[in-house]
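All of the numbers you see were taken from the coordinates with simple rules; none came from a lab. All values reported here derive from a predicted model rather than from experimental measurement. Because the Cβ atoms are built from the backbone with ideal geometry, glycine has one as well, and the counts that use them run over all protein chains shown.
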There are 4 protein chains.
Amino acid sequence: MNFASDNVSPFCPEILEALTKEASANAPAYGGDEISQQLDAAFSELFGKDVAVIPVATGTAANCISLSALVSPYGGVVCHHEAHINEDESTGVAFFTGGAKLLPMDGPAAKLESSSLDTFIADRVDRGVHSVSPECVAITQATELGAVYSVDEVTAIGEVCRKHDLRLFMDGARFANAVAHLKCHPADVTWKAGVDAISFGATKNGAMAVDAIVLFDISLKSRIEQARKRSGHLHSKHRYLATQLLAYIQYDVWLKNAAHANEAAQALAEVLIRQGATLVHAAEGNELFVKMSPELAGKLRDAGLMFHGWPSLGTDVYRFVAAWNTDIVQITNLKTTLG
Amino acid sequence: MNFASDNVSPFCPEILEALTKEASANAPAYGGDEISQQLDAAFSELFGKDVAVIPVATGTAANCISLSALVSPYGGVVCHHEAHINEDESTGVAFFTGGAKLLPMDGPAAKLESSSLDTFIADRVDRGVHSVSPECVAITQATELGAVYSVDEVTAIGEVCRKHDLRLFMDGARFANAVAHLKCHPADVTWKAGVDAISFGATKNGAMAVDAIVLFDISLKSRIEQARKRSGHLHSKHRYLATQLLAYIQYDVWLKNAAHANEAAQALAEVLIRQGATLVHAAEGNELFVKMSPELAGKLRDAGLMFHGWPSLGTDVYRFVAAWNTDIVQITNLKTTLG
Amino acid sequence: MNFASDNVSPFCPEILEALTKEASANAPAYGGDEISQQLDAAFSELFGKDVAVIPVATGTAANCISLSALVSPYGGVVCHHEAHINEDESTGVAFFTGGAKLLPMDGPAAKLESSSLDTFIADRVDRGVHSVSPECVAITQATELGAVYSVDEVTAIGEVCRKHDLRLFMDGARFANAVAHLKCHPADVTWKAGVDAISFGATKNGAMAVDAIVLFDISLKSRIEQARKRSGHLHSKHRYLATQLLAYIQYDVWLKNAAHANEAAQALAEVLIRQGATLVHAAEGNELFVKMSPELAGKLRDAGLMFHGWPSLGTDVYRFVAAWNTDIVQITNLKTTLG
Amino acid sequence: MNFASDNVSPFCPEILEALTKEASANAPAYGGDEISQQLDAAFSELFGKDVAVIPVATGTAANCISLSALVSPYGGVVCHHEAHINEDESTGVAFFTGGAKLLPMDGPAAKLESSSLDTFIADRVDRGVHSVSPECVAITQATELGAVYSVDEVTAIGEVCRKHDLRLFMDGARFANAVAHLKCHPADVTWKAGVDAISFGATKNGAMAVDAIVLFDISLKSRIEQARKRSGHLHSKHRYLATQLLAYIQYDVWLKNAAHANEAAQALAEVLIRQGATLVHAAEGNELFVKMSPELAGKLRDAGLMFHGWPSLGTDVYRFVAAWNTDIVQITNLKTTLG
């Protein structure tokens, strides 16, 4: 079983069906088609607010293009050290923003805590043009270490942002897993909590290649569209991005897929703990970070499990990621197999 | 019938079939999968030379990422005024290259002519660090105005580039149409003629969203991969870019599709000429640029034809683009319909 | 005599005196000193309007930093083909603006004509995010070919800018020469005519190394100061930039120097015409562009005159530049020397 | 007495004299003059090796332009958290390099320690295009906290760089103070120790506005010159940068000025310690970082001393900087004044 990443999963049947249906007729290019035209309304309904949706094919694009409209070339983006934008997107943020600097800080399970954030920002000595001033805070929901911000936590961060006049961006590569865990309305952890824009992930959770930039502040739309085009992220056959996204949110496919992945992670956690592993922190989404002996790791690999070590948390820590298509029966069977 | 662009076409059955086949199993992310691993070999066979292939989802990305490895932030890219990189990619080239300047020149049917190119380059007064020196020449095959460079023409341009120590890049958004027209080996108009890198178009000609950067100079590979990642163009489910590309070149689908589009364009040209339109220049690929009266334009639109005016060629000039799925029987029937 | 450029001149006695006076006492760094604090008031008086002044050491810096606040990374700057920003500043504009594109056009003596400008802008087909939209017009006063815009001409250009909602920037590397020629108030050809910002040149006309960004739209100040710092153009001993500027505008040194240079150019023109040369266009500032035979050029060089050929105007065209320190008596003596 | 910074000092008599001497005659622009032509030879003699010298007006420009040739847009620059490039140059490094990322680490007195550096680099998990790989190490000599690297320390860092195939850059804003302290040959702590390029500071130590990029790897010269021009740092009256630099290194003015400033700092340290302050770490150059009570700070301010608090080292830590013109007699008199 492959727990290396949720990126190893294929795309889901609902999206295959939708793409197949769109594989025969002509339609206007660059988003002028009927399907693309439905995006704003569909996501506005989903979020209970007028939003603008700009789809792109990757999460890095969604994050970096969003930030390019939220921060100046002279500004700073406060994020967690473990943030994907800090650790996994090369120099993308500086590239798209024209130079903005990441200002990383710590926090448990890759979460920013509102009080530490407040202190971090307040403690930065503003030396005018010499120093870099924070202009935006970026959080990841669920975090890179598998934790989920509660509604209260995001709300408190939103308040810190307003207090310091900062933008709030959410990297929602695994937003579905977070909402499935929280069982809240998607509005509660986004615009109602003060989030200006989110990259609404779909690829990891059942799409082929699409994440959506969802703007709760619609005034950003024009800059985002300009930035998308000139960075080569405007697809000519734009409808296939839109087709994936609509199929993804219709009939709650996104939540169904995420709930399944979360459940699979829980099932796996149970198996691993029984084998002697311990969770580094509570598993809330579809990612597990576990501490275990080399012997156990070897035993699991011998049993056909694929997963990565996670050296930033310790040499004896490993990550397991479940996905929308992870077979829970097979996990349960592991109990027998592993003894 | 929709002749607005080849971008209005859907993706072709062979690609749907290939994607469907890849919609169930897990596979490593970011190009570590078996399908992605086949790309270099498949394209090396296609071009008769060891090449490196870096797929991206759009032509703008393919062009701009390629140029970022071919020109310095202080350098110039000689291209035609009508070039897509000059007219249709916003400020993408400057963005990806860190500032490189387009140095546009003229030429018939959006072609650079080798002798004019030689003069253009030689005539630029080199004022050291003050002025921008050409470092690369970019040509489009087939051109934005539907013309196709012959093998001799590309070869002559390649010689000018070597003479002046410049790189040669080919925007091959409609490369298939050009090769289908020339009936040459793809090597003849690329690396054998001195081309360093090509953006090998697939999206317009039957793919959903993929163009391939094909490097004839493999030493560029590492920089291209870095540039792709940090610009958000590395897909996590990379295999779906690879799947499209392999299906596209297997069994000569790319040439079959292009030959069909070219043939449809010829059939349409015949119809339009019979109606009183004249070709602005010979139709060699799948694009027609025709001069006609407003009356004729209105008559065609009344008959259900969709197409764009092309003001840069004159207020009475229009563009028609055929695609891999254009129905030639329907075109032939136009003869009757239009009278 | 050296007519190669006004850049070959040293700095003038008034500036030496002022610098010398400031060479002994300590003072706050980075513009916190008393002299720097006088700049805004001094230039506000000069221009008859509240302005913000941000000094830098070079004209390229003044131009490019200014444009970085007037145009987005996706926008275009309309300028003359001969404009310094287009021909002599490497890829500086793209670098500072994050990618903005120069949109060069023609016009007599390197001037933009308001009617052609209006047509040029109106004729650009706006294809949304695909194409580059003009956001700013940049003119040079006096022009790179030695012509001076009249008050009416600048005013008319300002009206075109307002009509199309564009910013208007003036490269005033030789602004003093223009004002000395026009004998107008500096306000008449700047903010009263619709100019948003000017790079107010001093280096060519008697300073050691300083040009001032003068903002008629004060709201741009903060962005300009950020851009100046991060591009390394904020001097720690800022007072020496300010000292030069204040000495330059006190007692009308700037106009005195420029009037002298203009007069010297006129005197030289007389000499050259008498020798058989013809002016390519009327000499209005301190630059002459003359057509003459190779024999005459040789004769002048033999007589010790230094000057450059100007191939963009023809192989028989040459440029002569007078400066604040050009010896007019020596020019008059040329009449005798040359016969 | 003003101990706020060495930037508050004026420029020194030797430089005033040299500038005055160059204030009357014409000379070629942009470095074509005789004085500028002497730079390479003069600095080659100073460093005992063929070097290339590119002068600019500020330290930020010297640092950032240098780094733009030492690191790719995808690469990382390892530096100390307190480094000027990390804390005081806005987003300059990202701007000039096209996106390169600073990778800050800790160390005593703002020094990188070779063993920690080795570990820091070795511990970074290379995740290919996803992560940022170190390509360059940047150290400051003397450091931002007033410490001086010994010859052995720089040599050891140079060895770590070679081991990991990294470039080594030195921010030498206070290089003179370091060499004056070490009493070594300038070669010993630069190219002989593995440094590729240094920004050789002059402004803080007696110049008006000039720092020199000195390249020990001459192959970098062309890129540096291109970067200087397009960032607006090539002065037209280049000779005045060169004049300052030559006067600065002739007759060892640079070392004389620095030795004086260092001596003044020592004298001040003695006074402050006697008053009850303690040094945070040994004072080696011209900067003191001292811990003292608010009462003592108040007493010193009442006595007319100007200095800054240094919150990054603690709320009770203050910085005092002596300069080339600090009056040592006046410091000695403080003993009496303060009692």
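Gaussian network model of chain C, Cα springs within a sub-10 Å range: biggest mean-square fluctuation belongs to which of C:Ala29, C:Ala42, C:Ala264?
C:Ala29
What does the copy distance list look like for D:Gly314, label position 7 Å along Cα→Cβ, in nm and ordered from shortest?
Output for D:Gly314: 3.4, 7.8, 8.4 nm, nearest copy listed first.
For a quick check: with amide H placed at 1.01 Å from N, whose amide H comes under 5 Å from D:Ile213's, ignoring anything fewer than 5 positions away on the same chain?
Residues meeting the criterion, in which the H sits 1.01 Å from N, are D:Ile54, D:Val56, D:Phe200.
So who's got an amide H within less than 5 Å of the one on B:Arg167, skipping anything under 5 residues away but keeping other chains? H placed 1.01 Å off N, in plane.
B:Cys136, B:Val137
In whole Å, what is the distance between the alpha-carbon centres of the range D:13-73 and the range D:238-309?
26 Å
In nm to one decimal, list the spacings between the B:Ser116 label point and its equivalents in the other copies, with label points set 7 Å along Cα to Cβ, shortest first.
For B:Ser116, the inter-copy label distances come out at 2.1, 6.3, 6.3 nm.
Test of understanding: extend the Cα→C-beta vector of A:Tyr251 to 7 Å, then name every residue of the range A:177-217 with backbone N under 16 Å from that spot.
Flagged as within label range: A:206-207.
Across the residues of A:203-209, average count of Cβ atoms on other protein chains within 10 Å?
That works out to 4 on average.
Please list, in order along the range B:51-67, the HN-Hα scalar couplings obtained from phi with the Karplus expression 6.51 cos²θ - 1.76 cosθ + 1.60 (θ = phi - 60°), rounded to whole Hz, x for Gly and Pro.
10, 10, 10, 10, x, 9, 8, 9, x, 4, 4, 4, 5, 6, 5, 4, 4
Against the globular-protein guess of 2.2 N^0.38 Å, express the Cα radius of gyration of the range A:220-282 as a ratio, rounded to two decimals.
1.84
Among A:Tyr318, A:Tyr74, rank each residue by its count of other Cβ atoms within 10 Å, from fewest to most, as a rough exposure measure.
Going from sparsest to densest Cβ surroundings: A:Tyr318, A:Tyr74.
Per residue, how much space in cubic angstrom lies within the convex hull of the C-alpha atoms of chain B?
129 Å³
About the Cα centre of chain B, what is the dipole size in debye to 20, counting +1 per Lys and Arg Cβ and -1 per Asp and Glu Cβ, all else neutral?
Dipole magnitude for chain B comes out near 440 debye.
Residue-wise, which Karplus ³J(HN,Hα) couplings in Hz belong to the range C:187-197, taking 6.51 cos²θ - 1.76 cosθ + 1.60, θ = phi - 60°, and x for glycine or proline?
5, 4, 9, 10, 5, 5, 9, x, 6, 7, 7
Taking the label point 7 Å from Cα in the Cβ direction, how far apart in nm is A:Thr336 from each other copy of itself, listed shortest first?
For A:Thr336, the other copies' label points sit at 6.7, 9.9, 11.8 nm, shortest first.
Mind putting a number on the dipole of the range C:1-155 about its Cα centre? Charges go on the C-beta only, +1 for Lys and Arg and -1 for Asp and Glu, and I need it in Debye to the nearest 20.
Roughly 440 debye, rounded to the nearest 20.
For the range B:289-324, run through the trypsin sites (Lys or Arg not before Pro) and keep only the ones in DSSP coil with at most 14 other Cβ atoms within 10 Å of their Cβ.
For trypsin sites (Lys or Arg not before Pro) across the range B:289-324 that sit outside H, G, I, E and B with at most 14 neighbouring Cβ atoms in 10 Å, the list is empty.
Quick one: grab Rg to one decimal and Dmax as a whole number for the protein assembly as shown, Cα atoms only, in Å.
Answer for the protein assembly as shown, Rg first and Dmax second: 33.1, 112 Å.
To the nearest 500 deg cm²/dmol, what mean residue ellipticity at 222 nm is calculated for chain D from DSSP H runs of n ≥ 4 alone, each contributing -39,500 (n - 2.57), summed and divided by the residues?
Taking each H run of at least 4 residues, the total per residue is -12000 deg cm²/dmol.
Would you mind telling me the antiparallel percentage of the DSSP bridges in the range B:160-214, rounded to 5?
50 percent
Calculate the translational D of the range A:1-149 in whole µm² s⁻¹ from Stokes-Einstein, where the hydrodynamic radius comes from the Kirkwood formula applied to all Cα pairs, the temperature is 10 °C and the viscosity 1.306 mPa s.
Roughly 87 µm²/s, to the nearest whole number.
What dipole magnitude, in Debye to the nearest 20, does the protein assembly as shown give about its Cα centre under +1 on Lys/Arg Cβ and -1 on Asp/Glu Cβ?
It works out to roughly 0 debye.
Which of the residue pairs D:Lys291/D:Lys335; C:Lys221/D:Lys229; D:Lys204/D:Lys229; C:Lys229/D:Lys229; B:Lys291/C:Lys163; B:Lys49/B:Lys111 have a Cα-Cα distance greater than 28 Å in the structure shown?
Over 28 Å apart, Cα to Cα: B:Lys291/C:Lys163.
Under 5 Å between amide hydrogens, which residues at least 5 positions from B:His308 or on another chain qualify, with H placed 1.01 Å from N in the peptide plane?
B:Arg319
Give me log10 I(q)/I(0) at q = 0.15 Å⁻¹ for the range D:186-291, Debye formula, one equal scatterer per alpha-carbon, no solvent.
-0.82
Starting at 0 and stepping by 10 Å, how many percent of the alpha carbon pairs of the range B:1-60 end up in each bin?
17, 35, 36, 12, 0
For a Förster distance of 45 Å, can you work out the FRET efficiency between the beta-carbons of A:Glu34 and A:Glu270, rounded to the nearest 0.05?
Calculated transfer efficiency: 0.45.
Straight-line reach from B:Lys101: which aspartates and glutamates have a Cα under 14 Å away, not including same-chain ones fewer than 8 places off?
B:Glu87, B:Glu89, B:Glu135, C:Glu87, C:Asp88, C:Glu89
Could you tell me the convex hull volume per residue, in Å³, taken over the Cα atoms of the range C:253-338?
Given the Cα convex hull of the range C:253-338, per-residue volume reads 83 Å³.
I'd like the Karplus ³J(HN,Hα) series for the range A:156-170: coefficients 6.51, -1.76, 1.60, θ = phi - 60°, whole numbers in Hz, and an x wherever there's a Gly or Pro.
Taking θ as phi minus 60°, the curve returns 5, 5, x, 5, 4, 4, 5, 4, 9, 6, 10, 6, 10, 10, 10 Hz for the range A:156-170.
State the Cα centre-to-centre distance between the range B:160-185 and the range A:115-169 in whole Å.
One Cα centre to the other: 50 Å.
What is the sum of charges, Lys and Arg at +1 and Asp and Glu at -1, for the other residues whose Cβ falls under 14 Å from the Cβ of D:Ala303?
For residues surrounding D:Ala303, the net value is +2.
Provide Rg over Rh for the range A:120-201; use the alpha carbon set for both Rg and the Kirkwood Rh (inverse mean inverse pair distance).
In the range A:120-201, Rg relative to Rh is 1.03.
Expressed as a whole percent, how much of the Cα-Cα distance distribution for the range A:154-209 exceeds 15 Å?
49 percent
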